[in-house]
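As C-alpha cells, the structure follows; a few thoughts come after it.
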C-alpha cells in the first residue's frame, strides 16, 4: 500500500482524534457524570486546622477571614476548628488586623514570621511553619484572597476524609466579571480542574490547588514536607499532591457549598506571570503524568493542524469529517456537563471557541514548562 502525504496526514488526524476521544470518554466523562453527596451533617466530628499564608493581605483578610472563622462546624456549641494565619513578613497593616481579630475570635491563631528561609523558595516556608504549628491532624488550606462559597465549606471538605482517604481535592473557581480576559482565566481554571478531578475519579490523582485542598498532617510529616522540591518556587500544592497521592488515599469534594471563590487577575500581564509560575512545576511531576498530560496537549495541537491539512488535500474528507464530528460532539457534550457540575454554565456557549483559543494558549505557554521561574509566590 502506498502511503501518500495526504493519506499519512489523514491517518495522523484520525489517530489524534481517537486519542482525544479516549481522554474525554475515559477521564473527563467521570467528572461529567459525578454526583456530589448532598447530605452532610453540621456536627463536627474531626477537629481541623484551616491554614492561610498571608503576605501583605490586609484587605483580603479583613473581607474573608471572618467568613472562615464563622463556619458552621461546632462541637458542644463551640468551634471544633482553628484558623491559623501565617503572617509572612507583611509590611502593611496585616499584623494589627490579625491582633485585633484575635481579640474577637478565640479560635484564630497567628504566627508572625520575621525572617525568611534562604534555602526554601516561595510559599513553602510559611506554609511549613503553619503546618508545624497546627493543633490538629486534619489540615485544610486556602488563600487570603479566597472566600468560602458557604458557611458549610469546612464541613463539606472534611466530610471526604475516612480511614483510607487522607487527601481531599476541592475546586476554587474565579469570581465572575465582565470581559474576555475573565472568561479565559475562568475557562483555563475550569479546564485544569476537569483534568485533575477526572484523574482522581479514575484513581490516578496527580495534583490539587492550594486554594482549596485538605490532607492529613501525617502525610506532610512522612514526606518530610517539601524537602524534595524546596528549590522550586511553586509546587506547595500540586507537587506535594503529585508525590503523596495514590489510587486509594484521595477523594474529591465538589458540591457547590465546598467551593472557595478566588479573585482573578485583572490584566493579561499579571495572569501570564501567574501561569508561568504554575506551569513551571509540570516538569517535576511523576513521569507517567508528564506523559499523559503531554499526550493530551500534543494530540490536541495535532488534531487541529492535521484537520486543516486534511481539508486542503480533501481526498479523505469523509473520514476526516466523521472523526472530526465525533470528537467535537464528545468535546461539547462532556464539557457541557462538566460546566453544570462545576457551576460554570455561562462558559457552555463558548466551549468550541475556547477549544481553538486553548490551542493558542498551549503554544504560547509551552516554553514555561521548561524554563526556571523566578517569580515570588504572592
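The values are calculated or read from the model by the stated rules, or taken from the named source; none is laboratory data. Please read all numbers here as calculations on a predicted model, not as lab measurements. Note that we place each Cβ from the backbone using ideal geometry, even for glycine, and neighbour counts take in every protein chain shown.
Considering only the range 224-266, state which residues are in a loop (DSSP other than H, G, I, E, B), in contact with a helix residue (DSSP H, G or I) (Cβ under 8 Å, 6 or more places away or on another chain) and modelled with pLDDT under 90.
Passing the criteria: 225, 226, 230, 232, 233, 234, 235, 236, 265, 266.
Every residue in the range 168-197 that is touching a residue at least 60 places away in the same chain (Cβ under 8 Å), assigned to a helix (DSSP H, G or I), in contact with a strand residue (DSSP E or B) (Cβ under 8 Å, 6 or more places away or on another chain) and closer than 15 Å to residue 241 by Cα, please.
Residues of the range 168-197 touching a residue at least 60 places away in the same chain (Cβ under 8 Å): 168-177, 181-188, 190-191, 193-195, 197.
Next cut, assigned to a helix (DSSP H, G or I) only: 181-188, 190-191, 193-195, 197.
Keeping just the survivors that are in contact with a strand residue (DSSP E or B) (Cβ under 8 Å, 6 or more places away or on another chain) gives 182, 185-186, 197.
Correct list: 197 only.
Tally the residues that are touching a helix residue (DSSP H, G or I) at 6+ places or on another chain (Cβ under 6 Å) and farther than 30 Å from residue 338 by Cα, restricting the search to the range 24-47.
Count: 1.
Criterion first (loosely packed, with under 15 Cβ neighbours inside 10 Å and either more than 21 Å from the chain's Cα centre (by Cα) or farther than 23 Å from residue 149 by Cα (or both)) does residue 13 satisfy it? Before you say what the answer is, go through the steps one by one.
Numbers: loosely packed, with under 15 Cβ neighbours inside 10 Å: no; either more than 21 Å from the chain's Cα centre (by Cα) or farther than 23 Å from residue 149 by Cα (or both): yes.
So residue 13 fails the test.
At pLDDT 90 or above, buried (at least 18 other Cβ atoms within 10 Å of the Cβ) and touching a helix residue (DSSP H, G or I) at 6+ places or on another chain (Cβ under 6 Å) - does that describe any residue in the range 313-322?
no
Within the group 155, 200, which residue is touching a residue at least 24 places away in the same chain (Cβ under 8 Å), crowded, with 23+ Cβ neighbours inside 10 Å and closer than 20 Å to residue 282 by Cβ? Step through it out loud before you land on a result.
Values: 155 fails: closer than 20 Å to residue 282 by Cβ.
On inspection, the qualifying residue turns out to be 200.
Residue under question is residue 56, and the condition is that it be part of a loop (DSSP other than H, G, I, E, B) and closer than 24 Å to residue 128 by Cα; does it hold?
yes
Please work out if residue 101 is over 14 Å from residue 144 (Cα atoms), part of a loop (DSSP other than H, G, I, E, B) and in contact with a strand residue (DSSP E or B) (Cβ under 7 Å, 6 or more places away or on another chain). Walk me through how you get there before you give the answer.
Values: over 14 Å from residue 144 (Cα atoms): yes; part of a loop (DSSP other than H, G, I, E, B): no; in contact with a strand residue (DSSP E or B) (Cβ under 7 Å, 6 or more places away or on another chain): yes.
Answer is no for this residue.
So residue 142 ticks every box in (1) surrounded by 20 or more Cβ atoms within 10 Å (Cβ to Cβ); (2) closer than 22 Å to residue 278 by Cα; (3) more than 17 Å from the chain's Cα centre (by Cα) but one. Which box is left unticked?
Result: residue 142 passes all but (3).
Looking at residue 160, is it surrounded by 19 or more Cβ atoms within 10 Å (Cβ to Cβ) and within 18 Å of residue 83 (Cβ to Cβ)? So that I can check it myself, show each step before the final result.
Values: surrounded by 19 or more Cβ atoms within 10 Å (Cβ to Cβ): yes; within 18 Å of residue 83 (Cβ to Cβ): no.
Against the criterion (surrounded by 19 or more Cβ atoms within 10 Å (Cβ to Cβ) and within 18 Å of residue 83 (Cβ to Cβ)), residue 160 does not qualify.
When the residues of the range 273-292 are narrowed to those that are crowded, with 18+ Cβ neighbours inside 10 Å and not in a helix (DSSP H, G or I), which ends up modelled with the highest pLDDT?
The residue in question is 285.
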